[in-house]
Amino acid sequence: HPLDIRRPRFGDGLPETLSDHAGAVIFGGPMSANDPDEFIRREIDWISVPLREQRPFLGICLGAQMLARQLGARVAPHPEGRAQIGYYPIRPTAAGLEVCPHWPDHVYHWHREGFELPSGAELLAEGSDFPVEAFQLDHAFGLQFHPDVTYAMMHRWTTRGDARLELPGARPRHYHFADRAVHDVSERAWLKQFIEGWLTRVPFSVMSEAAE
């Protein structure tokens with residue numbers, strides 16, 4: 001599929017319909033879904049388009065938090081001020097195993113805010129410090145972690161964002177690269193499997209109704 005890249009932060013408009021698009025992805029960023037900036041509000045509001053049109057939508061980290069906000073869930077820092085910066089374990093739920101049977105043991109994170117499970121959504125994966133790691137509502141998916149991270153991204157984030165490495169719970173920089181050598185293959189295999197089915201996957205809610 002050709003990519004239609006929009007940058008609301010720099011004034012790019014967003015499509016009024018996804019009738020000419022296979023789906024939409026909102027990636028991560030250094031801002032918060034709670035920020036008052038106009039482009040943040042506009043992007044959260046825009047998520048109603050894929051939800052209304054039942055088009056595939058994927059939110060990664062900030063994108064997942066924006067999706068949670070659009071669905072009425074709370075996005076907030078950890079109550080003890082902890083962050084997830086580096087690789088951390090996740091646990092797929094039964095619903096998550098329906099989506100993808102093989103999940104990585106650890107995935108890469110770069111965040112200090114989490115979100116509640118939106119009303120009506122299925123919890124796909126959970127963690128310890130931040131209980132909601134992945135969720136699905138019909139054709140929309142939210143991932144708190146970064147399966148999209150590359151070596152170059154990791155190097156840039158841990159260099160330019162080195163202050164985040166001092167947050168409670170953050171992993172020291174050298175562990176990011178050491179852990180990547182262990183976990184990157186399984187995380188990328190999961191991402192490939194997920195993306196291959198993302199555009200055509202039947203919503204879990206539909207599967208549940210069919211089983212009743």
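Residues are listed down the side, and each one gets a yes or a no for (1) in contact (Cβ under 8 Å) with a residue 24 or more places away in the chain; (2) basic (Lys, Arg); (3) out of contact with any His (no Cβ under 9 Å at 6 or more places or on another chain); (4) closer than 13 Å to residue 88 by Cβ:
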position	(1), (2), (3), (4)
125	yes, no, yes, yes
131	no, no, yes, yes
140	yes, no, yes, no
144	yes, no, no, yes
156	no, yes, yes, no
162	no, no, yes, no
183	yes, no, no, yes
196	no, no, yes, no
Inset, instruction - Select from region 117-157 the residues that are in contact with a Ser or Thr (Cβ under 7 Å, 6 or more places away or on another chain) and among the charged types (D, E, K, R) and write down the one among them that is nearest to residue 191 (Cα to Cα). - result: 126
Legend entry - Hey, residue 33 in contact with an Asp or Glu (Cβ under 9 Å, 6 or more places away or on another chain) and buried (at least 18 other Cβ atoms within 10 Å of the Cβ) or not: yes
Inset, instruction - Quickly run through region 44-57 and pick out the residues that are surrounded by fewer than 24 Cβ atoms within 10 Å (Cβ to Cβ) and either within 12 Å of residue 25 (Cβ to Cβ) or of a type in the set (A, V, I, L, M) (or both). - result: 44, 47, 49, 51, 55, 56
Inset, instruction - Check off (1) touching a residue at least 40 places away in the same chain (Cβ under 8 Å); (2) closer than 25 Å to residue 183 by Cβ for residue 81 and give me the number that stays unchecked. - result: (2)
Legend entry - Selection within region 70-107 - closer than 18 Å to residue 169 by Cβ, surrounded by 21 or more Cβ atoms within 10 Å (Cβ to Cβ) and of a type in the set (Gly, Ala, Ser): 83, 86
Inset, instruction - Evaluate the following for residue 67: is it crowded, with 20+ Cβ neighbours inside 10 Å and in contact (Cβ under 8 Å) with a residue 12 or more places away in the chain? - result: yes
Legend entry - Subset of region 46-75 that is in contact with a Leu (Cβ under 8 Å, 6 or more places away or on another chain) and of a type in the set (D, E, K, R) - its residue that is farthest from residue 137 (Cα to Cα): 53
Legend entry - Check on residue 103, at pLDDT 95 or above, of a type in the set (Phe, Trp, Tyr) and part of a loop (DSSP other than H, G, I, E, B): yes
Legend entry - Set 52, 7, 42: member being under 18 Å from the mean Cα position of the chain (by Cα) and among the charged types (D, E, K, R): 7
Inset, instruction - Could you please find all residues in region 178-198 being surrounded by 14 or more Cβ atoms within 10 Å (Cβ to Cβ) and not aliphatic (A, V, I, L, M)? - result: 179, 180, 183, 184, 186, 187, 188, 190, 193, 194, 198
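The values are calculated or read from the model by the stated rules, or taken from the named source; none is laboratory data. Quick caveat: nothing in here was measured; it's all calculated off a predicted structure. All Cβ positions, even for glycine, are placed from backbone atoms using ideal geometry, and neighbour counts span all protein chains on display.
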